[in-house]
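The values are calculated or read from the model by the stated rules, or taken from the named source; none is laboratory data. Bear in mind the structure is a predicted one, so any value in this text is a computation, not a measurement. Every residue, glycine as well, gets a Cβ built from its backbone with ideal geometry; the counts of neighbours run over all protein chains shown. For the accessible areas, the whole protein counts, side chains as well, though only heavy atoms, and no ligand, DNA or RNA atoms are used. Shrake-Rupley method; radii C 1.70, N 1.55, O 1.52, S 1.80 Å.
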Amino acid sequence: GGGASVIYADTVSDIGYSKELANYGEYSGDPSMEDTYQYAKTILDLMTRKKDPRGKVLIIGGGIANFTDVAKTFKGIIKAITEYKDKIIENKIKIFVRRGGPNYKEGLENMRKLGETLGIQIEVYGPETHMTSVVPMAINYLKEMERSI
């Protein structure tokens, strides 16, 4: 949602990586599976147009939704990730997921299984993990990738 996306973007900026933030957006209001599919597909298309030797990260994060069905919205995201599997691997994109709310356990489990099934890196966290702790995890991944170049 809007509040959570601001927290993620602000955290990136607060720890000194605002120039690394390529895109920031949000979906909220219990969007349909098709809406989240189209949104995720657009983001993945933009992310995979130009390679970065360090790789890239995608944070799919939110707070604890009041009425957005996490499992339903994740179905659209899962569809897009599945379509972009090869480009995600080619671009060394690691995905960090942090979400809570209605049906979040099912949604998170589906994301975890997706990573295993497709062979892509997906780390999944629920509301027990603070939103702001996901950003340093993502930044550390980029730092590790940069050291390996």
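Within the set Lys51/Lys72; Lys79/Lys143; Lys51/Lys79, which residue pairs have Cα atoms separated by over 27 Å?
In this structure, Lys51/Lys72; Lys79/Lys143 exceed 27 Å between Cα atoms.
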In Å², and per residue, what accessible area does the chain have when probed at 1.4 Å with the other protein chains present? 53
Tell me the Kirkwood radius of segment 59-130: reciprocal of the mean inverse pair distance over distinct alpha-carbon atoms, in Å. 12.2
List the residues whose amide H sits under 5 Å from the amide H of Tyr125, counting only those 5 or more places along or on another chain, with H placed 1.01 Å from N in the peptide plane. Val97, Arg98, Arg99
Under a Cβ-only charge scheme (Lys and Arg +1, Asp and Glu -1), can you give me the dipole magnitude of the chain about the Cα centre, in debye to the nearest 20? 460
Can you tell me which of Gly25, Gly100, Gly61 moves the most in a GNM of the chain? Springs connect C-alpha atoms under 10 Å apart. Gly25
Check which residues have an amide H placed less than 5 Å from Lys56's amide H, if you skip close sequence neighbours. Ile93, Lys94
Got the relative contact order for the chain handy, in percent, Cα pairs under 8 Å and 6 or more residues apart? 27
Straight-distance crosslink candidates among aspartates and glutamates, where the alpha carbon sits under 20 Å from Lys56 and sequence neighbours closer than 8 are dropped: Asp10, Asp14, Glu20, Glu26, Asp45, Glu83, Asp86, Glu90, Glu116, Glu123, Glu144, Glu146
Give a residue-ordered list of calculated ³J(HN,Hα) values for segment 23-35 (Karplus: 6.51 cos²θ - 1.76 cosθ + 1.60, θ = phi - 60°; whole Hz; x for Gly, Pro). 8, 8, x, 7, 10, 7, x, 6, x, 6, 4, 5, 5
Along the dipole axis of the chain (charges at Cβ: +1 for Lys and Arg, -1 for Asp and Glu; origin at the Cα centre), the most positive-end residue among Val124, Gly29, Gly62 is Val124
When the Karplus curve 6.51 cos²θ - 1.76 cosθ + 1.60 is applied with θ = phi - 60°, which whole-Hz ³J(HN,Hα) does each residue of segment 102-115 get, with x for Gly and Pro? x, 6, 5, 4, 5, x, 5, 5, 4, 5, 4, 5, 4, x
Just need the Rg to Rh number for segment 1-114, please, alpha carbons only, Kirkwood Rh. 0.95
